[in-house]
1. On a C-alpha basis, how far is the centre of region 95-134 from the centre of region 51-83 in Å? Whole number, if you could?
2. Based on the Cβ-Cβ distance from GLU109 to LYS39, what FRET efficiency comes out when R0 is 25 Å, to the nearest 0.05?
3. Give the long-range amide H neighbours of LEU69: residues separated by 5 or more places, or on another chain, with amide H under 5 Å away, using H modelled in the peptide plane at 1.01 Å from N.
4. Take the chain, mark every one of the trypsin sites (Lys or Arg not before Pro) that falls in a DSSP loop and has at most 13 other Cβ within 10 Å, then report the longest stretch left between them, sites excluded.
5. Suppose R0 equals 25 Å; then what is the FRET efficiency for LYS49 and ARG101 from their Cβ-Cβ distance, rounded to the nearest 0.05?
6. Over all directions, average the projected area of the Cα convex hull of region 13-61 and note it in nm².
7. Which label marks the calculated value of mean projected area of the Cα convex hull in nm², given the options (i) 11.0; (ii) 13.6; (iii) 8.6?
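A short reminder: the numbers here are calculations on the coordinates, not readings from a lab. Quick caveat, the model's predicted, so the values are computed rather than measured. Note: ideal-geometry Cβ built from the backbone for every residue, glycine included; neighbour counts use all protein chains shown.
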Amino acid sequence: MDSNNAGQAVFEMNVLENKLKQLDQQLGIIEQYIIDSDKMTELLDDFSKSGKSEVFVPLGTGVYTKAALDKTDKVLMSIGAGVVAEKDIASAEKLVEKRKRKFMEAREELANQVQMVLRSVSELDQKIKSQGHGDNEGHDHHQ
């Protein structure tokens with residue numbers, strides 16, 4: 001493999017490795033959203049069953065305060081674009097489940113992209129090895 005082709009191959013491999021890192025980070029974020037959605041569904045279910053009027057509200061890392069609730073049948077939810085709306089528990093659970101499905105679809109799409117990049121890495125690696133091997137064979141005749 002001549003130096004131009006070798007340099008190009010190294011560049012392409014670096015681009016692919018960076019793409020894999022980005023996809024991995026995005027997958028991690030989406031996985032966290034899915035976990036958070038599961039926790040939220042569980043919390044909403046517990047909230048609706050308990051009927052408690054007192055809850056712990058997180059203020060920061062490991063710091064909570066008790067709060068009294070006026071209503072235990074409604075929650076306030078972000079519905080996008082900075083808008084918050086009051087929802088009954090069943091509607092909130094449905095919205096959380098809908099968001100979770102979108103995150104799972106995005107996770108599947110990212111996983112497919114990861115597989116495509118991994119195939120490209122494998123193909124490039126084979127190309128590098130075959131071209132490098134061909135050069136070595138040519139030099140073996142002179143020995």
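1. 39
2. On the way: r = 23 Å, r/R0 = 0.94.
Approximately 0.60, to the nearest 0.05.
3. Under 5 Å from the amide H of LEU69 lie the amide H atoms of GLU54, VAL55, each far enough along the sequence or on another chain.
4. Longest run free of exposed loop sites: 72-143.
5. So the FRET efficiency works out to roughly 0.60.
6. 4.8
7. Matching the structure shown: (ii).
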